[in-house]
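What follows is one structure encoded as structure tokens, with my remarks underneath.
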Amino acid sequence: MTDILDLKGRIALITGGGQGVGRQTCLHFAAANAGGVVVNDFHLDRAEAVAEEIRAMGGKALAVQADITDLAAVTDMVARATAEFGRIDILVNNAGNAGPVADPADTKPFWETGPEDWQKWVGTNFFGVLNACKAVVPGMMERKYGRIVTVISDAGRVGEPHLAVYSGAKAAAAGFMRALAKAVGRGGVTANCVALSSIRTPGIAGYLTSEEAVTKMLKSYVIRRLGEPDDAANMILFLGSDAASWITGQVYPVNGGYAITP
Ligand SMILES: NC(=O)c1ccc[n+]([C@@H]2O[C@H](COP(=O)([O-])OP(=O)(O)OC[C@H]3O[C@@H](n4cnc5c(N)ncnc54)[C@H](O)[C@@H]3O)[C@@H](O)[C@H]2O)c1
């Protein structure tokens, strides 16, 4: 039997692929026979390390440093990736930041923050998605094939009071993906979101400083464990594969039952 989640040599670009959910997505894609994985990260050393892991598995990978908030850098990255692998079939908009999460108790209420804080959250979580889509969609439309998966947060679905601007930026990314799905569907391109709750990654280490903090957090989860990068990567791989070819414009929570909504 053929493997349903076989990527059959497709080429994938994962933003923020150097650690956490992005890293695991890169490894999942390589294990599912991607023909090439472009590992993007702001930190080149992280991207290089993941590319090495993929090569050690027998896969092909290219590490590219680029800040996704910079359209020129993203355009250059896509040009480099295309020179190496010929095209990009799958884009995973994973890079994101939740803002000052080192100690949630220190996180200021929205009204005590200003444009300099907002810029950071909206820049990565929304403009970064626009930049990457602008750079890859023309090629996908031309070739009549594409999969775009954007990683948002349950904060963007139900709102988190201490992450107000982040919540808004993630909701904006989801709204954009719904509209994009309608614009690109006839070109054989799908666009979906995965909405995560707490996944054990370096990005949320600041929340997980003690057993007590974790136990308190888990009270909000129907399935009483934190998510692991695998939980997220499984859904991203599915939406990035041919198995999801009739699914577009949707948001799929992967959240251990954190926010159960209709
Ligand atoms: N971990 C969670 O609990 C959680 C919950 C909800 C949503 N998310 C979302 O999942 C995604 C991945 O989260 P994570 O926890 O794995 O994050 P992480 O912080 O562990 O890793 C993110 C990676 O993205 C890179 N990055 C950040 N900004 C970038 C930029 N401007 N350009 C290029 N690379 C950049 C970082 O260098 C880092 O290596 C993010 O979009 C995040 O908002 C995570």
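Does residue 227 fit the bill of being touching a Ser or Thr at 6+ places or on another chain (Cβ under 7 Å) and loosely packed, with under 14 Cβ neighbours inside 10 Å?
Against the criterion (touching a Ser or Thr at 6+ places or on another chain (Cβ under 7 Å) and loosely packed, with under 14 Cβ neighbours inside 10 Å), residue 227 does not qualify.
Within the group 13, 7, 27, which residue is in a helix (DSSP H, G or I), of a type outside the set (Gly, Ala, Ser), more than 10 Å from the ligand (Cβ to nearest atom) and within 24 Å of residue 140 (Cα to Cα)?
27
Which condition number does residue 50 fail, the rest of (1) surrounded by fewer than 23 Cβ atoms within 10 Å (Cβ to Cβ); (2) within 11 Å of the ligand (Cβ to nearest atom); (3) more than 20 Å from residue 129 (Cα to Cα); (4) not aromatic (Phe, Trp, Tyr) being met?
(1)
May I ask you to list the residues in segment 143-161 that are charged (D, E, K, R) and buried (at least 24 other Cβ atoms within 10 Å of the Cβ)?
Matches in segment 143-161: 147 only.
Residues in segment 90-110 that are among the small types (Gly, Ala, Ser) and at pLDDT 90 or above: how many?
Going through segment 90-110 one residue at a time, the tally reaches 2.
Give segment 31-46 a look and list any residue that's within 16 Å of the ligand (Cβ to nearest atom) and closer than 23 Å to residue 238 by Cα, or say none.
37, 38, 39, 40, 41
From 179, 191, 174, 164, which residue is crowded, with 18+ Cβ neighbours inside 10 Å, under 17 Å from residue 133 (Cα atoms) and without any contact (Cβ under 8 Å) to a residue 60 or more places away in the chain?
From the options 179, 191, 174, 164, the qualifying one is 191.
With the structure loaded, tell me whether residue 70 is modelled with pLDDT under 95, surrounded by fewer than 23 Cβ atoms within 10 Å (Cβ to Cβ) and of a type in the set (D, E, K, R) or whether it fails that test.
So residue 70 fails the test.
From the list 138, 161, 109, 115, exactly one residue is in contact with a His (Cβ under 8 Å, 6 or more places away or on another chain) and more than 18 Å from residue 22 (Cβ to Cβ). Which is it?
Just one listed residue meets the conditions, 109.
If residue 152 satisfies all but one of (1) under 22 Å from residue 90 (Cβ atoms); (2) without any contact (Cβ under 8 Å) to a residue 24 or more places away in the chain, what's the number of the condition it fails?
Exception for residue 152: condition (2).
Give segment 218-250 a look and list any residue that's in a helix (DSSP H, G or I) and away from the ligand (no atom under 16 Å from the Cβ), or say none.
Hits for segment 218-250 are 238, 242, 243, 244.
Condition (residue is at positive phi and not basic (Lys, Arg)) applied to segment 64-73: is it met by at least one residue?
no
What pairs come up if the first residue lies in segment 195-224 and is of a type in the set (Val, Ile, Thr), the second is in a helix (DSSP H, G or I) and within 6 Å of the ligand (Cβ to nearest atom), and their beta carbons are under 7 Å apart, counting only those six or more places apart or on different chains?
Close Cβ pairs (under 7 Å, with a partner that is in a helix (DSSP H, G or I) and within 6 Å of the ligand (Cβ to nearest atom)) amount to 199/21; 201/20; 201/21.
The values are calculated or read from the model by the stated rules, or taken from the named source; none is laboratory data. These figures come from a predicted structure and were not determined experimentally. Every residue, glycine as well, gets a Cβ built from its backbone with ideal geometry; the counts of neighbours run over all protein chains shown.
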